[in-house]
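To keep things clear, I will list the structure first and then write my remarks on it.
What follows draws every value from the coordinates through simple rules; no lab data is involved. Fair warning: this is a prediction, and the values are worked out from it, not measured in the lab. Positions of Cβ are generated from backbone atoms using ideal geometry, with glycine treated the same way; all protein chains shown enter the neighbour counts.
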Amino acid sequence: CISTSCSSSCGGGANAVCDPRNNSSCTRCEPISLELCMNLPYNLTSFPNHLGHLSQRESSVSWEASLFPALVQTGCYQYLMFYACTLLVPKCDPLTLQRVPPCRSLCRNAKEKCESVLGIVGLQWPEDSDCSQFPEDGGNSTCLLPEDGVDECSPSHFKCRSGRCVLATKRCDGHVDCDDHSDEEHCGCSERALWECPGSKVCIQSSMICDGFPDCPLLVDEANCSTCRDNELPCNNHQCVHRTLWCDGKKHCSDSSDEWDCVSLSDRAGSVLTVFRTAAEYQVCGDEWNHELSQLTCNQLGLGVPASVSMVPDQPGVPGRRRWLHVHPEWNLRNATALQARLEKRSHACHSRRRVSLLCTREDCGLRSTVGMYRHRKKR
Amino acid sequence: ILGGRVSRQGAWPWQCSLQSGQSGHVCGCVLIGRKWALTVAHCFEGRESADLWKVVLGLNNLDHPGLHSQTRGVRSILVHPRYNRAVVDYDISVVQLDAEIDETPFVRPVCLPGAGQLPSPDTYCYITGWGHMGNRMPFKLQEGEVRIISFSQCQSYFDMKTITPRMLCAGYDAGTVDSCMGDSGGPLVCEDASGRWTLFGLTSWGSVCFSKVLGPGVYSNVTHFTPWIRRQIYVHTYLTN
């Protein structure tokens, strides 16, 4: 078998130890999943293919898989995409389980008409596709020729009105690519089965709506995406989680967003530490604060290490009752947990009424050693 | 690296080599913390499992790791959820090492950019890697000086692809100094007045570097991803429950 772990008789348990004497190739047909070649007159393939790729995955990231679609745009040969697919995902005959290669004439036509185009940009024709390896059409072994109706463009292309193929990413990208400009016509969102962002001309895939990533200018694609109850809050992926579970140091949203941005150093008040707990803002009482907690806070915020810490008296007459969090008695028994999990609410306020204020400084980074620069001072 | 030169041992202590099984060096990567590195998402195409990979740091000669090198396994690979293979967008991954590195003059993290911090066009920065040199793969780490190219000018080089805000361009019209296959995931770093180096790009894609197709290289724009990177580190350090 080609791969190191093979099934003993092309159907037995995988990963059996390969018997070196057994060089039978485990051929089986598999459905074509390479998007480039989903519009072929056949839909089963087998590997390795004619370019030495061992799987469709490998084929999909090969450089031929990006070379050929780009070459198709030049219009050098009408059936170039068809020929490329017979190499990338060769036809598999479901009865014989054998690969059906392209005919030699198809290979020759593609090579003769398109090789020179590659030469202009200093590229070679893929060497694995030497035409002499393919059977002559009309000989006794079957081979593939484009039937009527074979599409010159792949599903990854946009077909210009003139018949030319241009990469789908060029459709309505603001640049004219088709010789008849048809790639820049009918560019309305709905005409392209896209969703138009309210208040702007931006078009997005419908799959991007409420996916947790803002795409529209006013983030409207991520608004009104969840209907949480009063005592719940929406996660970034629009799940609903009870507000008492927010910023408790444990993930409740499947994307862990209930534990994001729970700790901050509010610049306006001179980097006073603020912690959000059950969706409300708290100050941290300085009474039992210590250096390890300062280190944890700076590291958790990705701000490096503590530069200075001070206990700031609470501002008198602050409107509304200030909320306090206190250092949990077992704060150091909860390793690898976030700061918000090491603090607790208490019935009483903070005795000293002093809040934690912290300044962090970036850890050493981006410095090069001078080691070896001047190791040997040789007089010249 | 095309048009570069052999780098001095210890010159780029954040450069690492992402290696897999028999293939050996596959991609570059960049150390950003004691247990964290960055690389590009496309390096993991078809090989997404963390236990297939290891990270080698403190290397200069791929063939002779030497005394200063450190090797770590990969605990987790965090590919950006928006990585788009077709247009090579959001091409970035955070790599969690299975153990902390020992900081030495030859193994040190690079700085991440601050919010909105970008190198200005025509700034000269460096790219490094063990990628193709146009005629062969090197053993010794190569370095090349490239110029940051503005977004609009960069789009003019690539009519086949769209340059998105997640991308950064650097190089030269004639492609004389450029990154190439095997450099992917490696750093584009710029030095500030205080002598500190900041990571602004990860080698991602470009024209076929050993052809006559000219133009700059395209790098993942690290500044765009810094909040996402910090969040991945926070979640995988403090929310492991």
Give, in nm to one decimal, the length gained when the segment between B:Met137 and B:Phe151 is fully stretched (0.36 nm per residue of separation minus the Cα-Cα distance).
2.0 nm
Pair-distance profile P(r), taking every C-alpha pair of chain B, with 10 angstrom steps and integer %
8, 36, 39, 15, 1, 0
Is there a simple number for the mean count of other chain Cβ atoms within 10 Å of the Cβ of residues in B:228-239, and what is it?
5
Which of B:Asp178, B:Asp51, B:Asp63 moves most in a GNM of chain B, Cα contacts under 10 Å?
B:Asp63
If you average the alpha carbon positions of the stretch B:45-118 and of the stretch A:76-150, how far apart do those two centres end up, in angstrom?
40 Å
Distance between the C-alpha centers of the stretch A:236-279 and the stretch B:148-194? Whole Å please.
37 Å
How far is it, in nm, from the label point at A:Ala193 to the one at A:Glu112 when both lie 7 Å from their Cα along the line to the Cβ?
3.9 nm
Under-5 Å amide H pairs with B:Arg108, H placed in peptide plane, nonlocal only:
B:Trp14
What percent do you get for the relative contact order of the stretch B:13-138 when only Cα pairs under 8 Å and 6+ apart count?
28 percent
For a protection proxy built on the mean count of beta-carbon atoms within 10 angstrom, sort B:144-150, A:259-265, B:12-18 highest first, please.
B:12-18, B:144-150, A:259-265
Work from the charge dipole of the stretch B:18-109 (Cβ charges, +1 for Lys and Arg, -1 for Asp and Glu, about the Cα centre) and give the residue of B:Gly21, B:His80, B:His64 farthest towards its positive end.
B:His80
Normalised contact order of chain B, rounded percent, pairs of Cα under 8 Å and 6 or more residues apart:
23 percent
Computed [θ] at 222 nm, helices only, for chain A once each DSSP H run of length n ≥ 4 contributes -39500 (n - 2.57):
-4000 deg cm²/dmol
In Hz, Karplus ³J(HN,Hα) per residue of the stretch B:5-14 (6.51, -1.76, 1.60; θ = phi - 60°; x = Gly, Pro)
8, 5, 8, 6, 4, x, 6, 10, x, 8
Violating pairs (Cα-Cα greater than 30 angstrom) within the set A:Lys251/A:Lys345; B:Lys54/B:Lys140; A:Lys111/B:Lys140; A:Lys91/A:Lys159; A:Lys170/B:Lys35
A:Lys111/B:Lys140; A:Lys170/B:Lys35
Extension gain (nm, one decimal) between A:Gln315 and A:Val121, 0.36 nm per residue minus Cα-Cα:
62.8 nm
Along the positive direction of the dipole of chain A (beta-carbon charges: Lys, Arg +1; Asp, Glu -1; about the Cα centre), which of A:Ser308, A:Leu71, A:His157 reaches farthest?
A:Ser308
So the pair-distance distribution of the stretch A:41-115, from every Cα-Cα distance in 5 Å bins, comes to percents of 3, 16, 26, 24, 20, 8, 2, 0
Against the 2.2 N^0.38 Å rule of thumb, the C-alpha Rg of the protein assembly as shown sits at a ratio of 1.12
Using the basic label-point model (7 angstrom from Cα toward the beta carbon), what is the B:Asp122 to B:Val6 distance in nanometres?
3.6 nm
Electrostatic dipole magnitude of the stretch B:93-220 [Cβ: Lys, Arg +1; Asp, Glu -1; Cα centre; debye, to 20]
360 debye
For chain A, what's the relative contact order in percent, using C-alpha pairs closer than 8 Å and at least 6 residues apart?
9 percent
Only four residue types carry charge here, +1 at the Cβ of Lys and Arg and -1 at the Cβ of Asp and Glu. Report the dipole size of the protein assembly as shown about the Cα centre in Debye, rounded to the nearest 20.
2500 debye
Computed from the beta carbon distance with a Förster radius of 35 Å, FRET efficiency for A:Thr142 and B:Val87 to the nearest 0.05 stands at 0.40
For A:Ala349 and B:Thr240, extending 7 Å from Cα along the Cα-Cβ vector and measuring point to point gives, in nm, a value of 4.0 nm
Length gained when the stretch A:Asp179-A:Cys228 is fully extended (0.36 nm per residue, less Cα-Cα span)
12.5 nm
Options B:Gly144, A:Gln205, B:Ser194, ranked by Cα towards positive dipole end of the protein assembly as shown, top entry (Cβ charges)
B:Ser194
If I build a Gaussian network model for chain A, linking alpha-carbon pairs within less than 10 angstrom, which residue out of A:Ile204, A:Ile32, A:Ile120 has the largest mean-square fluctuation?
A:Ile120
Return one quarter of the surface area of the convex hull spanned by the alpha-carbon atoms of the stretch A:42-187, equal to its mean projected area, in nm².
9.6 nm²
